[in-house]
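Take a look at the structure set out below.
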Amino acid sequence: MYNISLKNLSAGLHTYEYELDRKFFEAIDGDEVKKGNVKVTATVRRTSSTFEINFDINGVVQVPCTRCLDDVDQEVDTKNRLIVKFGKEYSEESDEIVIIPEEEGEINIAWFLYEFIALAIPIKHVHPSGECNRLVSSKLRKHRAVNDDDDDMSDEDAPDDDEFTNEDDAQVTDPRWDALKGLNIDDN
């Protein structure tokens, strides 16, 4: 179903449309995405010796929440390109250039579609505020590092899911280094 026969394509533009659903993601059996509903438009432009395939990928996939591990909907909207050439044997020259055997004359784009979708998903994907699994959130709150000032904080006063901060956002300094702040190092 995801094979495009390039050998018999005439010069010019050719359009293919695909609906990627749960069956597609189960068949691929990738690690990042297990479910989703994604529409793909693949436009193939044939020139004398190459095929340029442009992919327009839009939809929603379900991935595990970074915080609670329950499924969260993640929008996917990406455009990708693949250049296909004929050669003696299959090889991937780069991220965008693929060589396929001329005798076969067709390419299966299923794995490429999955990779394009997986690469479009941000590294951190979490539920909107208050929608994370409450049990997991309370366990996370219980086991996270806290300052001495927070010791008397009850579970009800603890910050909600959206108030957990990134390590990059926090500007906490180690008090052992505070003495060095007063040094003037510009005199050297």
How far, in nm, would the chain grow between Lys23 and Leu135 when pulled straight, counting 0.36 nm per residue and subtracting the alpha carbon separation?
-> 37.3 nm
Relative to the compact-globule estimate 2.2 N^0.38 Å (N residues), the Cα gyration radius of segment 3-120 stands at a ratio of 1.15
Each label sits 7 Å from Cα toward the beta-carbon; between Ile123 and Ser48 the label points are separated, in nm, by 4.5
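What net charge do the residues around Ile83 carry, taking every other residue with its C-beta under 15 Å from that of Ile83, with Lys and Arg at +1 and Asp and Glu at -1?
0
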Simple spin-label estimate for Ala11/Asp56, 7 Å along Cα→Cβ, in nm, reads 2.5
Lysine pairs meeting the criterion (Cα under 26 Å, 8 or more apart or interchain), as found in segment 3-120 = 12
Rounded to a whole number, what is D in µm²/s for segment 55-131 from Stokes-Einstein with the Kirkwood radius over alpha-carbon pairs (20 °C, 1.002 mPa s)?
-> 147
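In whole percent, what relative contact order does segment 3-120 give with Cα contacts below 8 Å and a gap of six or more residues?
Relative CO of segment 3-120 lands at 24 percent.
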Cβ under 13 Å from Gln62's Cβ, Gln62 left aside: what net charge do those residues give with Lys, Arg +1 and Asp, Glu -1?
-> -4
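What dipole magnitude, in Debye to the nearest 20, does segment 3-120 give about its Cα centre under +1 on Lys/Arg Cβ and -1 on Asp/Glu Cβ? Before the final figure, lay out the partial values.
Working: 13 positive and 24 negative charges, 73 e Å.
The calculation lands at about 340 debye.
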Calculate, for Tyr90 and Asp70, the FRET efficiency according to 1/(1 + (r/R0)^6) with r their C-beta to C-beta distance and R0 45 Å; round to the nearest 0.05.
-> 0.70
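Read-outs: derived from the displayed coordinates by stated rules, not from any lab. Keep in mind that what you see is a predicted model, and the values were worked out from it rather than measured. All Cβ positions, glycine included, derive from the backbone under ideal geometry; neighbour counts span all protein chains shown.
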